[in-house]
Ligand SMILES: Nc1ncnc2c1ncn2[C@@H]1O[C@H](COP(=O)(O)OP(=O)(O)O)[C@@H](O)[C@H]1O
Ligand SMILES: [Mg+2]
């Protein structure tokens, strides 16, 4: 059974078709890269999948439910329970330290638990940085805190929008390793990127241009772990 | 629930403590508002007391006179005075007037109690010093001019009266018997030696008199009759004073007590106007504080739009974000209220010392009132920007690039 299905999803801003009749099926545990030039509609698609935005037309079926019909409150709850988000700009709360930033996600999801939050930080290799404020962390470390925050509630799907866009190569590799790990554990991943290196490691590559899906192929060079 | 609440407190505290440079602006606005509120409150409630004490310094506000042609004797004076509450009675001064002549010029001598005179006549201005013992006199400026007396001079007051029996005069020092050659009546010229301790300036009729102690006037006149007039100073407002007058009238029928109109009437009008002024200023200050806090909070919250969007993206409901931001505001309001209410007391005290030259009465009830007002005003001021801020679209504020 598929985890997520977009059916003829369009998003229109005035004259501009940011997304046009997009159709996409994502299976549970799948790792998909969404690629395309800047302005091609990648973030628009992510926001719709992440329940942060509604399509102008079309249906989004998540776990068998059409989420475009849900109320805003339901949508928030749904997204909170099922999806972990990673952004290009990290978006940490600047007055909370690393572990507290992870706990915020637990707080809105269910119950904050510092021990679990520390374990999540350990997974991304930041155990000794748990009490640092974002301003005291490097970009790569901040992004890893974001990943720890995204996976803390064990979401079915992790949505990452240009997660390595602001990172150097070393940090990019650390992040990709974490993705591989998550994939192995069965978490579904959708990673938006315009960086071919990041796209190459995914199972499947979907290409967007001018709001249209122009190709959707299995990645031949994908290897299940080293 | 417990863990959740602890995280809530942790987030609110972190926001307040780790963002203190931002919070300090808002806090200062709140403290200033609370200070002025509590300060004006203290002044507002203290003004009546201060003002009546102040007006008191323009003289006594009650006058006792004998109800018939006689005098007020000591016993009825004591009875009359006992009608006033001890806290409110600031002082009273009896006066006894006698016509005498000094250096053959007729002058009115007034016997009084110098120890209490400044309580009922604080406006007396004395060159030299206040008489401190018998034999010393305070010379009214006009009398001094008429008689050519200056501070330190010796004068002798003369009292002449008819004597029928010379044996009445036994024990009196310093007198001369003088017989009128035409009528054959005998007179006694009794003398009182006085030293001018000071010259009195009041700008009023007091300047015509020479003030001596009651004992001196008694020995000059050889009689211990009662008083002609008693001035009383009571720290009470008009209505209360009227009640007192009634009591005195009932208790001591031989005293006729009346208000000194000039002072008490204007006292009440000025007070009412002053209270209204303080009230208006308080309301204006509250409104200004609210605008100031709302502006500051709007700025503080505007720069947190991204954070609000992020929290929503992490699954926060609007109500829970509002609760967090409002709590921050309420903590600021509380802290500002506590600091402001205490500072307000200091502020009121400084104002009181400068305007009324007396310390303010501390009113503890004003502390919780100020803190509550500060919390409520801050809460309201925060609600406006928060309500619109939580409506942000997370997709918009978190947009990459
Ligand atoms: N809120 C918006 N209002 C108007 N136009 C928008 C909005 N969001 C995105 N767009 C436009 O939609 C197109 C796709 O944007 P986006 O999905 O952000 O592209 P990208 O692939 O770079 O992430 C762009 O042309 C962008 O300018
Ligand atoms: Mg984008």
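Odds and ends about this structure:
- Of all residues in the range A:158-187, those satisfying the criterion of being under 22 Å from residue A:106 (Cα atoms) and away from chain B (no Cβ under 14 Å) are A:175, A:178, A:179, A:181, A:182, A:183, A:185, A:186, A:187.
- Residue match in the range B:341-361 (condition: away from chain A (no Cβ under 14 Å), under 17 Å from residue B:301 (Cβ atoms) and either more than 16 Å from ligand 1 (Cβ to nearest atom) or assigned to a helix (DSSP H, G or I) (or both)): no
- Tally of residues being part of a helix (DSSP H, G or I) and buried (at least 17 other Cβ atoms within 10 Å of the Cβ) across the range B:58-80: 3
- Of residues in the range A:2-52 being at negative phi and part of a loop (DSSP other than H, G, I, E, B), the one farthest from ligand 2 (Cβ to nearest atom): A:28
- Single residue of B:352, B:357, B:320 found to be within 32 Å of the chain's Cα centre (by Cα) and either crowded, with 19+ Cβ neighbours inside 10 Å or closer than 30 Å to residue A:48 by Cα (or both): B:352
- Residue A:100 vs. criteria at pLDDT 85 or above and away from ligand 1 (no atom under 16 Å from the Cβ): yes
- Residue B:22 falls short on exactly one of the conditions (1) surrounded by fewer than 18 Cβ atoms within 10 Å (Cβ to Cβ); (2) modelled with pLDDT of 85 or more; (3) within 14 Å of another protein chain (Cβ to nearest Cβ), and that condition is (2).
- Residue A:114 being modelled with pLDDT under 95 and within 10 Å of chain B (Cβ to nearest Cβ): yes
- Leading residue by the ranking (farthest from residue A:101 (Cα to Cα)) among those in the range A:72-90 that are out of contact with any strand residue (DSSP E or B) (no Cβ under 6 Å at 6 or more places or on another chain) and within 16 Å of ligand 2 (Cβ to nearest atom): A:89
- Hey, residue B:281 farther than 18 Å from residue B:331 by Cα and touching a helix residue (DSSP H, G or I) at 6+ places or on another chain (Cβ under 9 Å) or not: yes
- If you go through the range A:90-99 and keep only what is surrounded by 24 or more Cβ atoms within 10 Å (Cβ to Cβ) and either facing another protein chain (nearest Cβ under 8 Å) or farther than 17 Å from residue A:115 by Cα (or both), you end up with A:91, A:92.
- Of the strands (runs of 3 or more DSSP E) contained entirely in the range B:143-231, those carrying at least 1 residues that are under 28 Å from residue B:69 (Cα atoms) and modelled with pLDDT under 80 fall at B:154-162, B:186-201.
- For residue A:203, the test of being away from ligand 1 (no atom under 16 Å from the Cβ), modelled with pLDDT of 90 or more, over 29 Å from residue A:78 (Cα atoms) and surrounded by fewer than 23 Cβ atoms within 10 Å (Cβ to Cβ) is failed.
- Some residue of the range A:61-68 being within 11 Å of chain B (Cβ to nearest Cβ) and either surrounded by fewer than 22 Cβ atoms within 10 Å (Cβ to Cβ) or in a strand (DSSP E or B) (or both): no
The values are calculated or read from the model by the stated rules, or taken from the named source; none is laboratory data. Note that the coordinates shown come from a computational prediction; the quantities given were computed from them, not determined experimentally. All Cβ positions, even for glycine, are placed from backbone atoms using ideal geometry, and neighbour counts span all protein chains on display.
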